[in-house]
Amino acid sequence: MNRLLPLAVTEAVSRKRGQTLVGPISLRLEGQGITVVIGPNGAGKTSLLSLLHGIARLSSGTVQWACPIEEARHAQAFVFQRPVMLRRSVLENAAYPLRIRGVAKAEARARAADWAEQVGLGALLERPATVLSGGEQQKLALIRALIIEPEVLFLDEPCASLDGRAMREIEEILLAARDRGTRLVMSTHDMGQARRLADEVLFLFRGRIHDSGPAGVFFDGPATPQARAFLRGDIVE
Amino acid sequence: MVDLWSGLSQAFWLMVTLDPELVEIALRSLRVTLSALVVASLIAFPLAAMLAVRRFRWRRTIIALLNALMGLPPVVVGLIVYVFLSRSGPLGVLGLLFTPTAMIIAQTIIIVPLIASIAHQSIRELWAEYHDLLISMNVTEWQKMHTLIWDSRRALLTAALAGFGRAIGEVGAIMIVGGNIDHATRVLTTAIALETGKGEFALALALGFVLIGLAVAVNLGIHWLGRTERGGRW
């Protein structure tokens, strides 16, 4: 059972220097599965995820988790489009979230090694994380997010600029996480990936949720002309 | 030129024979400066990390001040420390004037701004890189500072070495607060000043070469310990 959900967002807006990045957004996040956020560049996908996760400023409106905010912040994780690698070994990168939660060093390392093994980073444990390839870094960022067994995981285009094999590996990790009960919210610009993973779709356009629905319904026949055009591959501005 | 050569040879013989007086002075130099370096680093590193991580009202002012104080004139620092530690001064009861402790205090004050400024530069860059991740992981302020200090340890080593270089070659402040007392507070730099004053150029040069050798040896030693040259990673 997910303590954090449902997440209720009402009229949430994020502004920076007078410019509206995203919003007003109203949505409800509940149940299980993967919510995929799609939309043209600059529609506010990253801003929306940051806003929900709590790393972007909430200028007005509310973002309400089902539990107290500190508890909610502690039980969620975020994977960035460009993975941020700590200047440490692969093992210590993966163990870091456990260490800051007070898990003993030996146990944190053992669990980190275990996760790394599962995603095929087992041979690279002692390497500095900064010298890994793009795909390996993203996988490391992913297990670093998953190692705390978050109840909600946000991913901002986790497969941008990755090739087919790395993308498939990452999708497998994501599906496994979903099956363990983690609620996933991810943005992507890859429509193939959106169709493969989505249980629910949010179509973002000019900072607002323009269209949304269960994946099957949405991909079969989006309600709005913009979403239809976007799915067709037309340029939507 | 003759002085230079005789200085070199004298330095050579002083070292080969492990002249007890030279050894005593050199060890005191090392002890004073390394102590000052440790104390200064313990102050400067957390200060640098705090200035990078926390946003408070006087942050910019403090950074600007630290940068300005990098060029703090040692003689003035020595004078101020002297006033504080002298019998009639506020800390006179401690009886620290003309002791190695007074020299450590003066050197610490001189190098804290230098180490903190250099450390702040590199920690700030690392913070820009880590910012989103650490905010997302919801780490505490302490954990942020700890992570940043640990992950920029190589850059901090460079900052510490800069501080060491400034302290070991410093003469103005320790001359004033130490007094260059034989067997008590005489160190390499004050001994050089003394011998030069007496016209003993060869001996002064010899001490100078020992000082340079010491500085180079400590730098190499720390580099070797930190393995900064290995693989060039990070």
**Report entry** Length-normalised contact order of the stretch A:86-131 in % [C-alpha pairs under 8 Å, at least 6 apart]
**Finding:** 57 percent
Requested in this report: Tell me the label-point distance for the pair A:Glu172, B:Thr140, using the 7 Å Cα-to-Cβ offset, in nm and rounded to one decimal.
Outcome: 4.0 nm
Query - Computed helical MRE - 222 nm, chain B, DSSP H runs ≥ 4 contributing -39500 (n - 2.57), nearest 500 - result: -26000 deg cm²/dmol
Requested in this report: Report, in degrees rounded to the nearest 10, the 0 to 90 angle that the Cα long axis of helix A:164-179 makes with the longest principal axis of chain A.
Outcome: 90 degrees
Query - Calculated SAXS-style log₁₀ I(q)/I(0) at q = 0.18 Å⁻¹ - the stretch A:124-198, Debye, Cα scatterers - result: -0.72
Report summary line: The answer for the per residue Cα convex hull volume of the stretch A:41-154, in Å³, is 118 Å³
Report summary line: Placing one equal point scatterer on each C-alpha of chain A and summing with Debye, one gets log10 I(q)/I(0) at q = 0.08, 0.16, 0.17 Å⁻¹ equal to -0.30, -1.17, -1.29
Query raised in the report: Based on the alpha-carbon gyration tensor of chain B, what equivalent-ellipsoid semi-axes (square roots of 5 times the eigenvalues) come out, in whole Å, largest first?
Result: 37, 23, 13
Report task. Could I get the Rg over Rh figure for the stretch A:86-131? Both from C-alpha atoms, Rh via Kirkwood, rounded to two places. Result -> 0.95
Report task. Principal axes first, then extents: for the Cα atoms of the stretch B:76-196, list largest minus smallest coordinate on each axis, whole Å, largest first. Result -> 57, 33, 22
Query - Exposure proxy order (Cβ contacts within 10 Å, fewest to most) of A:Val37, A:Val185, A:Val13, B:Val93 - result: B:Val93, A:Val13, A:Val185, A:Val37
Requested in this report: Return the loop-located trypsin sites (Lys or Arg not before Pro) in the stretch A:63-146 (DSSP other than H, G, I, E, B) with at most 15 other Cβ atoms within 10 Å of their own Cβ; answer none if there are none.
Outcome: A:Arg101
Requested in this report: Compute the long axis of helix A:134-146 from its Cα atoms, compare it with the longest principal axis of the Cα atoms of chain A, and write down the angle in degrees, 0 to 90, nearest 10.
Outcome: 90 degrees
Query raised in the report: Per residue Cα convex hull volume for the stretch A:18-71, in cubic angstrom?
Result: 102 Å³
Query - Average beta carbon contacts from partner chains per residue of B:139-150, 10 Å cutoff - result: 2
Requested in this report: Calculate how steeply helix A:105-118 sits against the longest principal axis of the alpha-carbon atoms of chain A, using the helix alpha-carbon long axis, and give the answer as 0 to 90 degrees to the nearest 10.
Outcome: 60 degrees
Query - Mean separation of Cα contacts under 8 Å (6+ apart) over length of chain B, as relative contact order % - result: 33 percent
Query raised in the report: In 10 Å bins starting at 0, how do the alpha-carbon pair distances of the stretch A:47-92 split up by percent?
Result: 20, 45, 26, 9, 0
Query raised in the report: lysines near A:Lys139 by alpha-carbon distance under 30 Å, same-chain residues fewer than 8 away left out - which ones?
Result: A:Lys45, A:Lys105, B:Lys144
Query raised in the report: Counting alpha carbon pairs within less than 8 Å and at least 6 residues apart, what relative contact order, in whole percent, applies to the stretch A:18-151?
Result: 26 percent
Query raised in the report: What is the distance in Å between the Cα centres of the stretch A:196-212 and the stretch A:64-113?
Result: 28 Å
Requested in this report: For the protein assembly as shown, count all C-alpha to C-alpha pairs, find those more than 30 Å apart, and express that count as a whole percent of the total.
Outcome: 59 percent
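No lab work stands behind these numbers, since they all come straight from the coordinates. This structure is a prediction, so every number in the text was calculated from the model and none was measured. Here Cβ is always computed from backbone atoms with ideal geometry, including for glycine, and neighbour counts include all displayed protein chains.
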